[in-house]
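Here is the structure we will look at, set down as structure tokens.
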Amino acid sequence: MTDTLKLAVNGGLMRGFPDNVNLLEVNATFITEAETKPIYRLFSINDRHPAMLRVQTGGRSIAVEIWAVPLAGLGIVLTKEPPGLCIGKVQLSDGEEVLGVLGELICCEQGKEITEYGGWRNYLKTLS
């Protein structure tokens, strides 16, 4: 049994963003950049954070980061996430399935769809 698990993040928890400190404070370590299978849509929630939703149609690959998070710190990280985000299984383009941060349907329905950008970083570049 391992004392860490892989977590896919697609927004504020990624390197270079303010909430990344939430991962670092629990001694999580960056593993790699990755992409999901093309079965997700991405939404901007007031341009503060994204929400990723798995869909049956209209999805595409979304850029994510994979982190090794200590089991003891996972709850701490997740309780600091914005309302409307949750944990679920994320399918990566290489076929691996890991836990990841997803958006609840109601959160996504109230957001602006940004799937076409393929990721939060790409979307934010269009705002500046």
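The values are calculated or read from the model by the stated rules, or taken from the named source; none is laboratory data. Computed from a predicted model, the values in this text were never measured in an experiment. As a convention, Cβ positions derive from the backbone with ideal geometry for all residues, glycine included, and neighbour counts pool all protein chains shown. Heavy atoms of the whole protein, side chains included, go into the accessibility calculation; ligands, DNA and RNA do not. Shrake-Rupley method; radii C 1.70, N 1.55, O 1.52, S 1.80 Å.
For Leu124 and Ser93, what is the calculated FRET efficiency with R₀ set at 25 Å and r taken between the beta-carbons, to the nearest 0.05?
With R0 = 25 Å, the Cβ-Cβ based efficiency is 0.70.
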About the Cα centre of segment 1-79, how large is the charge dipole given +1 on each Lys and Arg Cβ and -1 on each Asp and Glu Cβ? Please answer in debye to the nearest 20.
-> 340
Figure the gain on full extension for Thr2 and Ile31 (residue separation times 0.36 nm, minus the Cα-Cα span) and round it to one decimal in nm.
-> 8.9 nm
Applying the gyration tensor rule to the Cα atoms of the chain (axes a ≥ b ≥ c; rounded if a/c under 1.5, else prolate if a/b exceeds b/c, else oblate), the class is prolate
From highest to lowest solvent-accessible area (probe 1.4 Å; ligands, DNA and RNA excluded), Glu25, Glu65, Glu96 read Glu25, Glu96, Glu65
Rounded if a/c under 1.5, otherwise prolate or oblate - segment 88-128, Cα gyration tensor axes = oblate
DSSP beta bridges in the chain [antiparallel fraction, %, rounded to 5] = 95
The extension gain from Gln56 to Glu109, computed as 0.36 nm times the residue separation minus the Cα-Cα distance, is 17.5 nm
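Once you list every other residue whose beta carbon is under 13 Å from the beta carbon of Pro82, what net charge do they have if Lys and Arg are +1 and Asp and Glu are -1?
In short, -2.
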